[in-house]
1. Among the residues of segment 29-51, which ones are among the β-branched types (Val, Ile, Thr) and in a strand (DSSP E or B)?
2. Just to be sure before I move on: is Glu78 under 24 Å from Glu10 (Cα atoms) and of a type in the set (Asp, Glu) in the structure I sent?
3. Which of the numbered conditions does Asp23 fail, given that it passes all the others? Conditions: (1) closer than 27 Å to Arg73 by Cβ; (2) modelled with pLDDT of 95 or more; (3) among the acidic types (Asp, Glu).
4. Return yes or no: is Asp67 surrounded by 14 or more Cβ atoms within 10 Å (Cβ to Cβ) and either out of contact with any Ser or Thr (no Cβ under 8 Å at 6 or more places or on another chain) or farther than 15 Å from Ala13 by Cβ (or both)?
5. Among the residues of segment 5-26, are any in contact with a helix residue (DSSP H, G or I) (Cβ under 7 Å, 6 or more places away or on another chain), charged (D, E, K, R) and in contact (Cβ under 8 Å) with a residue 12 or more places away in the chain?
6. In segment 32-48, what residues are surrounded by fewer than 16 Cβ atoms within 10 Å (Cβ to Cβ) and within 22 Å of Glu61 (Cα to Cα)?
7. Answer yes or no as to whether Val54 is touching a residue at least 12 places away in the same chain (Cβ under 8 Å) and either assigned to a loop (DSSP other than H, G, I, E, B) or within 14 Å of Leu75 (Cβ to Cβ) (or both).
8. Condition first: under 17 Å from Ala72 (Cβ atoms) and out of contact with any Phe, Trp or Tyr (no Cβ under 9 Å at 6 or more places or on another chain). Now tell me which residues in segment 26-51 satisfy that.
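The values are calculated or read from the model by the stated rules, or taken from the named source; none is laboratory data. Fair warning: this is a prediction, and the values are worked out from it, not measured in the lab. No Cβ is skipped: glycine too gets one built from the backbone with ideal geometry, and neighbour counts run over all protein chains shown.
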Amino acid sequence: MTAPAAGPLELRAWNAVVHDTADPEVIVAEFDYDGRVTATGRTFRVANLQVLRVRDGLIVETRDYHDHPGLARALRGE
């Protein structure tokens, strides 16, 4: 068995807040990633938001919004 390939980032989700919505199928969740650039050890934090539609216990749709400029800054070492 092979070990999974290491990526350029290590991410840990935390500080999750789930918001009520008018639609019982829709979940809105905010959370932060505490991250580390594996090549340099530099740490960072970025905000995220997910909007999910759950039906019969399955995720049938998801929209994920991340701080892409923040991730790019972390990778560039800014």
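1. Selection gives Val37, Thr43, Val46, Val51.
2. The answer is yes for Glu78.
3. Just one mismatch for Asp23, condition (1).
4. Against the criterion (surrounded by 14 or more Cβ atoms within 10 Å (Cβ to Cβ) and either out of contact with any Ser or Thr (no Cβ under 8 Å at 6 or more places or on another chain) or farther than 15 Å from Ala13 by Cβ (or both)), Asp67 qualifies.
5. no
6. Answer for segment 32-48, where residues must be surrounded by fewer than 16 Cβ atoms within 10 Å (Cβ to Cβ) and within 22 Å of Glu61 (Cα to Cα): just Ala47.
7. no
8. Listed by number, the residues that qualify are Thr38, Ala39, Thr40, Arg42, Thr43.
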